[in-house]
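Working notes for the structure below.
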Amino acid sequence: MAALSPMMAQYFELKKQHKDEILFFRLGDFYEMFYDDAILASKELELTLTGRDCGQEERAPMCGVPFHSYESYVARLIAKGYKVAICEQMEDPALAKGLVKRDVIRVITPGTVIENSMLKDDRNNYLCSIYRTKERVGLCFADVSTGCAHTTEIRDIAPGETIIAELCRFSPTEILFNGAVLDLKEVTQYIKQRMTCSVELMEDEYYQPERVDELLKTQFGEDWAAQEHIDPSGNVPGALAAVLQYMQRTQKRGVERLKTIYSYAETQYMQLSPITRMNLELTETMRGREKKGTLLWVLDKTETAMGKRLLRDWLERPLVDAAMINRRLDAVQALVNAGVERDELRAALDRVFDMERLLTRSVYGTASPRDVYALAQTCCQLPAVREMADRCGSPVLSEMAARIDPLEDIRDDVFSALDEEVPSTLKDGGVIRAGYSAEVDELRQIVHGGRDYLSQMEAKLKEETGIRTLKVGYNRVFGYYIEISKSFSDQVPASFVRKQTLANAERYITPELKDWENKILGANERLLVLERQLFEELLQRIAGQQARIQATADAVAQLDVLASLAQTAVENRYTRPEVDEGTEIHITEGRHPVIEQMLKGALFVPNDTLLDQGDNRMLIITGPNMAGKSTYMRQNALITLMAQIGSFVPAASCHVGVVDAIFTRVGASDDLAAGQSTFMVEMTEVAEILQNATPRSLVILDEIGRGTSTFDGMSIARAVVEHIADPSKGLGCKTLFATHYHELTDLENTLDGVKNYNIAVKKRGEDITFLRRIVRGPADDSYGIEVARLAGLPAQVTRRAKEVLRRLEATAPDAHKVEQLDFDKLEEYNSPSVPSEVIEKLKGLDVETLTPIEALNFLYELKQHF
Ligand code: ADP
Ligand code: MG
């Protein structure tokens with residue numbers, strides 16, 4: 001086989017070290033990809049696949065992207081979970097002898113990107129690291145773009161569920177783990193099936209204790225364990241060290257930016273399973289996976305990207321400590337009361353840019369001149385933010401205000417160094433402000449003076465030669481030239497040297513012009529180098545103030561979130577919840593925060609709720625379809641959750657004794673993709689609740705038992721209720737239970753702590769009206785036919801259904817109430833005047849879920865028996 005061309009040999013040498021990444025190989029103005037990379041990228045990016053001679057018989061498959069727009073292509077690959085290695089030319093091709101030197105300068109991965117174009121500004125981008133040994137797991141979620149990491153230690157031989165819950169909370173885009181994690185099948189399966197993220201198996205050497213200690217000392221100082229509240233004998237150090245090493249390997253610089261460590265214990269936050277997050281639609285809707293229609297959408301009135309990220313974080317992690325919750329509520333309260341200050345605070349925040357990520361790019365040295373200018377403009381807002389927060393008269397807010405450093409030195413430094421009309425890139429100069437550097441000013445004078453000189457020269461030559469069309473111009477390939485149209489060729493002086501011929505003009509050079517060219521180009525080149533150097537020095541000075549900027553950014557983000565919560569509270573007429581360590585949830589005139597906003601104009605009917613760990617442990621809620629059962633239950637869950645993030649709530653009054661977890665089992669969310677039947681999914685979820693709920697939990701069960709036959713379903717539902725309501729089984733937690741099995745309402749008489757409620761409807765003749773009011777007692781009727789009519793079933797059909805129902809009622813007075821049969825005495829119902837098959841069929845009928853067509857078919861079938 002023929003030998004590879006030298007460049008291709010160089011390519012393979014680099015590719016060998018970057019097997020898992022798509023290699024962007026810089027070739028002049030393009031990044032080229034070859035072989036498998038090219039085939040993959042051409043498909044994913046819709047690029048034309050071409051070929052390139054590589055010294056061998058077959059041409060190498062190749063595709064490429066222009067270097068100046070590579071970011072958007074990389075962004076698309078990253079979003080799909082790929083990693084991209086960027087290989088640059090390490091010397092100027094024009095000066096290189098032989099093959100241009102090339103090297104990979106950085107590997108861009110989903111979890112390590114810092115470019116704005118590849119990040120969403122309203123959410124953190126987490127790189128997760130899981131380090132597992134026998135009984136311990138260290139978890140670390142690092143956001144490289146903001147320099148913060150959350151770490152926690154799990155002590156459990158079977159930590160699968162906890163890991164999954166945390167993965168769901170942070171939704172990382174990339175996961176690093178050691179070999180032992182592979183044994184947690186449920187975790188690997190969850191990652192594979194439910195998450196779009198790239199994964200990286202880290203070798204054991206990354207976790208060697210000495211190496212870990214060494215790394216953490218360099219990063220956080222000698223006493224890193226005490227400083228960052230990390231247990232040095234646990235697994236968090238290993239997980240954290242893996243992140244640092246991975247950053248070094250991929251980014252090669254900027255690792256020092258990762259400085260802020262929040263170590264947390266899982267028990268500090270309300271437990272929310274992935275299913276519950278989904279059901280409650282906290283940050284994305286179930287259907288469209290959109291923000292609109294979620295609790296986040298209702299609450300988000302933040303003004304800054306940092307605030308947006310933090311609000312999302314608060315929502316993903318409600319607190320359980322009443323004192324901490326009340327601290328937040330105090331601050332929100334103060335901001336609600338101080339309307340003027342709040343308005344001014346928010347106006348100032350509106351002009352605050354994303355300091356955290358601007359800082360990151362400064363530390364990495366990739367910030368653009370405009371980035372840095374934006375950082376200084378942000379500093380200008382800080383005094384106002386600080387003053388307004390301080391003026392609200394709340395100790396909590398004043399404390400935060402005190403943490404805002406106005407960063408005047410940075411502001412002044414940037415403003416004195418950078419021009420007001422600062423360009424977005426360094427490549428054409430014009431970045432450094434006049435008067436900042438004597439040398440820059442001098443060089444500029446030469447360049448500009450030179451240009452003046454050239455226009456003078458043009459005028460002089462025109463006069464000397466008498467050629468009207470003579471022009472002095474410049475282009476990148478030929479440099480400065482004198483252009484004369486062909487019609488004047490015969491008048492060109494002999495001292496002009498011809499350089500280039502165009503269609504209707506000739507270009508010339510003279511020794512004088514050449515001299516000037518050298519001087520100007522030299523000065524210009526020197527100027528660009530100098531401007532870049534001064535700018536980089538500025539970046540370094542900013543990076544040197546990392547800790548101050550980060551602390552300020554942190555306080556600003558918190559103020560933004562608190563102001564947003566206050567603004568929402570005012571606009572949506574929320575009230576302050578009373579939060580304590582008690583066991584009661586007592587809400588008067590509660591509303592559903594999201595549906596109330598969606599209704600727009602139409603009135604949302606408020607409802608009361610009383611739940612405790614005594615007589616009102618379990619509320620069994622009945623009522624026809626569409627009455628509002630699901631809405632009512634969710635609104636209680638959402639109000640509780642809002643209270644525990646420190647938000648005001650949509651209610652006239654609200655008392656929440658903190659709950660340690662919310663569990664939901666809602667509707668029949670099919671999970672066919674995962675290959676499980678609806679019923680299996682439902683039962684797995686119920687099982688999870690029974691295993692994990694504590695007496696302090698809040699449980700929402702919406703129509704369980706639907707996925708199977710009526711009697712199976714009813715039996716299971718009943719058994720579940722009995723189990724949950726019984727404190728001797730270790731539970732007895734606060735539960736809202738909606739069901740269409742009216743039989744279950746008799747549990748009120750047999751079980752302690754169970755109370756029946758129903759959502760009232762008014763029946764007038766054929767019509768029913770939904771009152772949306774929750775009232776004590778079981779629903780008296782299922783109104784199946786009326787609801788069917790409301791849903792648009794033709795009058796003919798509903799009339800006929802009534803007729804059948806009446807006939808059934810006449811012949812077997814209780815038969816139509818098949819859903820209210822005494823559960824234990826089903827066999828006794830067997831009226832002789834109705835054929836027993838009819839009774840059987842009716843017993844098996846689930847009126848609530850019947851579609852119009854099924855109803856018709858059913859009636860037709862019944863008729864066959866008479
Ligand atoms: P169910 O679970 O009983 O079948 P839902 O809770 O799904 O009923 O409610 C059906 C619809 O009724 C909701 O989509 C909502 O638009 C409306 N609704 C429910 N509760 C209220 C209320 N309290 N005030 C106004 N409209 C409501
Ligand atoms: Mg419902």
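So the values come out like this:
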quantity	calculated
Area of residue 224 that stays accessible when all protein chains are in place (1.4 Å probe, Å², to 10)	20
Accessible area, probe 1.4 Å, largest first, for residues 128, 197	197, 128
Solvent-accessible surface ranking, highest first, for 570, 100 at 1.4 angstrom	570, 100
Pairwise FRET efficiency - residue 158 versus residue 580, Cβ, R0 = 56 Å, nearest 0.05	0.95
Relative contact order computed over segment 562-641 (Cα-Cα under 8 Å; 6+ residues apart), in percent	31
Accessible area of residue 43 in the full protein assembly, 1.4 Å probe (Å², nearest 10)	150
Normalised contact order of segment 1-73, rounded percent, pairs of Cα under 8 Å and 6 or more residues apart	33
For a label point 7 Å along the Cα-to-beta-carbon line of residue 289, residues of segment 164-200 with backbone N under 20 Å	164-175, 187-199
Using a Förster distance of 35 Å, the FRET efficiency for residue 121-residue 12 (Cβ separation, nearest 0.05)	0.35
Point-to-point label distance, residue 505-residue 20, nm (Cα→Cβ direction, 7 Å offset)	5.7
Inter-part distance where segment 157-203 and segment 473-517 are each reduced to a Cα centre, Å	68
Contact order relative to length of the chain, as percent, for alpha carbon pairs under 8 angstrom and 6 or more apart	9
CD proxy at 222 nm, helix term only [per DSSP H run n ≥ 4: -39500 (n - 2.57); per residue of the chain; nearest 500]	-14000 deg cm²/dmol
Extended-chain gain in nm, criterion 0.36 nm per residue less alpha-carbon gap, residue 253 and residue 691	153.0 nm
Between segment 291-320 and segment 17-73, the alpha-carbon center distance in angstrom	40
Residues with amide H under 5 Å from that of residue 616, placed H, sequence gap 5 or more	none
In Å², nearest 10: area of residue 526 left accessible to a 1.4 Å probe	100
Given 763/863; 292/802; 291/729, the pairs whose alpha carbons are separated by over 30 Å	292/802; 291/729
Hits among lysines - C-alpha to C-alpha of residue 252 under 16 Å, sequence gap 8 or more where chains match	83
Segment residue 217-residue 488, length gained on full extension (0.36 nm per residue, minus Cα span)	90.0 nm
Distance between modelled label sites at residue 515 and residue 771, nm, 7 Å Cα→Cβ extension	10.3
Accessible area expressed per residue, segment 6-108, with surrounding protein chains retained (probe 1.4 Å, Å²)	53
Solvent-accessible area per residue, Å², over segment 578-782 with all protein chains present [probe radius 1.4 Å]	37
Accessible area of segment 438-537 divided out per residue, in Å², using a probe of 1.4 angstrom	60
Amide N of segment 480-524 lying under 17 Å from the label point, which is placed 7 angstrom from the Cα of residue 439 along Cα→Cβ	522-524
Of the DSSP H helices in the chain, those whose Cα atoms cover at least 30 Å axially and whose Kyte score averages -1.0 or more	369-391, 438-465, 511-544, 546-571
Antiparallel DSSP beta bridges within the chain, percent to nearest 5	60
Exposure ranking of 854, 203, 281 by accessible area [1.4 Å probe, largest first]	203, 854, 281
Point-to-point label distance, residue 471-residue 53, nm (Cα→Cβ direction, 7 Å offset)	3.8
Segment 533-590 versus segment 751-765: alpha-carbon centroid distance in Å	42
Within the accessible area of the chain (1.4 Å probe), percent carbon and sulfur	51
Net length gained if the chain between residue 532 and residue 262 were fully extended (0.36 nm per residue, minus Cα distance)	93.6 nm
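The values are calculated or read from the model by the stated rules, or taken from the named source; none is laboratory data. Keep in mind the model is a prediction, meaning the values are calculated, not measured. So basically every Cβ, Gly included, is an ideal-geometry build from the backbone, and we count neighbours across all protein chains shown. With ligands, DNA and RNA removed, areas are computed over all heavy atoms of the protein, side chains included. Shrake-Rupley method; radii C 1.70, N 1.55, O 1.52, S 1.80 Å.
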